[in-house]
Structure formats: structure tokens, C-alpha cells
1. Please find, among GLY38, GLY51, the residue that is more than 22 Å from MET142 (Cα to Cα), at pLDDT below 80 and surrounded by 11 or more Cβ atoms within 10 Å (Cβ to Cβ).
2. Looking at THR116, THR109 in this structure, which one is farther than 30 Å from PHE41 by Cα and either part of a helix (DSSP H, G or I) or of a type in the set (Lys, Arg) (or both)?
3. Of these, ARG211, ARG199, which one is of a type in the set (Lys, Arg) and free of Cβ contacts under 8 Å to residues at least 40 places away in the same chain?
4. Restrict the check to segment 94-102 and report whether at least one residue is surrounded by 14 or more Cβ atoms within 10 Å (Cβ to Cβ), at pLDDT 75 or above and outside any helix (DSSP H, G or I).
5. Please find, among PHE243, PHE152, the residue that is within 22 Å of LEU112 (Cβ to Cβ) and in contact (Cβ under 8 Å) with a residue 40 or more places away in the chain.
6. Those residues that are more than 20 Å from the chain's Cα centre (by Cα), without any contact (Cβ under 8 Å) to a residue 24 or more places away in the chain and not in a helix (DSSP H, G or I), I need them from segment 175-196; list them, please.
7. Taking the options GLY189, GLY212, name whichever one is over 20 Å from GLY106 (Cα atoms) and either surrounded by fewer than 18 Cβ atoms within 10 Å (Cβ to Cβ) or of a type in the set (Lys, Arg) (or both).
Amino acid sequence: MGRAIYIMWLRQMKRYMRSRARLVASLAQPLLFLVTFGFGFRAVFSQAGAGDYMQFLAPGIIAMGIMFSAVFSGIEVIWDRQFGFLKETMVAPVSRIALMFGRTLGGATVALIQGTLVLGITLIVGFRPVSWLAMIPAALAMMLIAVIFTAFGTAVGARLRDMQGFQLIMNFAIMPLFFLSGALFPIDGLPDVMTWVVRADPLSYGVDAMRGLMIGSAHFDLALDFAILTAVAAALLAVGSYFFARIEV
């Protein structure tokens, strides 16, 4: 089982290294948000007495880069099914759950690399973490976000055969999750309904954990952030494994 997981992980890495267009495209959107929002609202945020908006925004944009890269790795399941590679993989004498775990870990590792690249861009435009040592647990939060959304994308991809349908569902689900996570705005003082919506969004806890570790400003308790991220990751891995084990090729 461990060998099967490693082989699938390695395949995801090789596919990523060959796809320069995917690398450029995945960095374009976070860079656009970082520049337009970061510099556009920096003065307003500062005049409101809320500090440096670039410092506040950067963890959310890093989480965004991870989430988008992770969730769209699920489309590779549909791609492999259409071109016959998935059928060849499924007839191998290994567990389908091992294959799913390998795909998920590979996609999550790719998303983590993407997030690291976005972090590098934020450093160029002026973001500075309060402690470089805190980047170690922050990397764990980044990895949990990557696992959550890779497993989610894989679960959805296992149930669909149409790439356009996958993109439609992902855009319908992912954009609200991003905008309601507090990545772009503080979540203090929101109306009660919005507060509960934010609390129901798993990305909120990932952004909060990264923000708490990187700039020392967390809305929730860090232990709660990591507990919920771990629980959601485990739940989505279980759901993704269930759907992937029953996939029809």
C-alpha cells in the first residue's frame, strides 16, 4: 500500500513539473488579488486604524493559492478517465484507497508548493512574518488546507465525467468559500448570520491559523483552528476514499 501511495504521489509531481502553463496560471490569480486589493485598500485600511493591509491580506492570498491549486487537481481524475489511464491504474493489484491517498498527497504537495511560491511573491511586495520560526507550524496549516481541498476535488471528480461540469461546480463552491473565509476582510463585528456562515467555512480556520502564526493576529484559538482543520481533512479523506473506491471507469 505504501508503494502504491508513493507511485501515485510521484506521478503527480512529474505531471506538475511538466506543466509550466499550469504554474503560471495558478500564480496569476493570487498575484492579481494581492496587487489590486493589497495596494488598492492599503490606505483605507490604515486610515481606519486597522494596521497594514498587506500584512493582513498576505496569509489569505497564500491560502487562496493553495485552495485553488488543490481543488482543481480533482479534474485530473476526469482527465485520466477520459484518456484511459484511470482504467489501467484501477486494474493494478493495489487498493483503490491507496491510489486515492497517493493522488491526494500528490495534489496536496503540489498545492503546498504553489502556496510557497505565492508566499515568495508576498515577501517581494512587502509582507513580513512576525517570526520565521512560526513559519514551521504555518506550513502545517498550509498542508492541512491543501489536503482538505485536494480530497474535496478528488471526491467531486470521482462522481463526474464532464470537465465543464466539474469546473462549474468548483467555481460555485470555491469562490463563496474563499470570500467568506475572512481572507480579504476582518471577521470581527460581523452580523450574527455572517458570523455563523464564516464559522461553517473550513477555510476560515486555515486562514485564521496562518494569520495567527504569521502576523500574530488570530480570531479563533489556534488549537481550535488546527483541531477543525484536522477533523475536516480526515472526514474528506474518508468521503473521497469512499467515492474513489466506487468509481466507474
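1. The conditions single out GLY51.
2. Only one candidate passes the filter, namely THR109.
3. Selected residue: ARG199, the only one of ARG211, ARG199 that is of a type in the set (Lys, Arg) and free of Cβ contacts under 8 Å to residues at least 40 places away in the same chain.
4. No.
5. PHE152
6. GLY189, LEU190, PRO191
7. Selected residue: GLY189, the only one of GLY189, GLY212 that is over 20 Å from GLY106 (Cα atoms) and either surrounded by fewer than 18 Cβ atoms within 10 Å (Cβ to Cβ) or of a type in the set (Lys, Arg) (or both).
The values are calculated or read from the model by the stated rules, or taken from the named source; none is laboratory data. Note that the structure is a prediction, hence the values are computed from the model and not measured. Note: ideal-geometry Cβ built from the backbone for every residue, glycine included; neighbour counts use all protein chains shown.
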